[in-house]
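Accompanying notes for the structure given below.
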Amino acid sequence: MKPIQLKVPVLLWRRLLQQLRKRGGGKRESGAFLMGKPGSTRISRFICYDDLDESALETGIITFHAAGFVKLWGICAREKLKVLADVHTHPSDWTGQSNSDQTHPMIALSGHIALILPDFARNAKSSLTGAGIYEYLGNHEWKTWSIKSGRVKITLL
């Protein structure tokens, strides 16, 4: 099985972490879609959930509505981008998938990668230490991967 690769420029990763911390305010989950050119493994842009759906973060957990996807697909079409992964934060060091995470994948396509960062991304720096990494298999089934597994290779450039 060919590994899934994602390449993330360090400066983009740091800006992403800054935005996740700012939007979550240390009190609520936040998240973003990670996008790149079709056929590429390099993430060239992110867009935070609440930029697409203003109410996505209001309840403390992420609730993303259909209108946000309409905006997302419009951006992807206009800028010739594809969603390569998504990332969201959890309040503690637990980065397992909640029931909501499992039953409501942000992108319900087999092979999609979802990342979960601990502690509202407060302590995240230039690595994915402590992150949860999940591959969507379809039918609300997921596979959990560790960085060490080699199946999902995420490189900060």
In the stretch 106-118, residue nearest to residue 28 (Cα to Cα) [restricted to those that are of a type outside the set (A, V, I, L, M) and surrounded by 18 or more Cβ atoms within 10 Å (Cβ to Cβ)]: 118
Residues within the stretch 41-57 that are part of a loop (DSSP other than H, G, I, E, B) and in contact (Cβ under 8 Å) with a residue 12 or more places away in the chain, tallied: 6
When residues of the stretch 59-81 are limited to those that are over 18 Å from residue 108 (Cβ atoms) and within 18 Å of the chain's Cα centre (by Cα), the one surrounded by the fewest Cβ atoms within 10 Å (Cβ to Cβ): 60
Count of residues meeting criterion [modelled with pLDDT of 90 or more and either in a loop (DSSP other than H, G, I, E, B) or not acidic (Asp, Glu) (or both)] in the stretch 112-139: 16
Tally of residues being of a type in the set (Lys, Arg), in a loop (DSSP other than H, G, I, E, B) and surrounded by fewer than 16 Cβ atoms within 10 Å (Cβ to Cβ) across the stretch 14-40: 2
Hits in the stretch 86-111 (condition: closer than 20 Å to residue 129 by Cα and either assigned to a strand (DSSP E or B) or in contact with a Phe, Trp or Tyr (Cβ under 7 Å, 6 or more places away or on another chain) (or both)): 86, 87, 88, 89, 91, 97
The stretch 64-107, residues that are under 24 Å from residue 22 (Cα atoms) and hydroxyl-bearing (Ser, Thr, Tyr): 89, 92, 95, 98, 100
Flag for residue 5 being closer than 19 Å to residue 146 by Cβ and surrounded by fewer than 19 Cβ atoms within 10 Å (Cβ to Cβ): yes
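The values are calculated or read from the model by the stated rules, or taken from the named source; none is laboratory data. On a predicted model such as this, the values are computed, not experimentally measured, just so you know. A quick note on method: Cβ atoms are made from the backbone with ideal geometry, for glycine too, and the neighbour counts reach across all protein chains shown.
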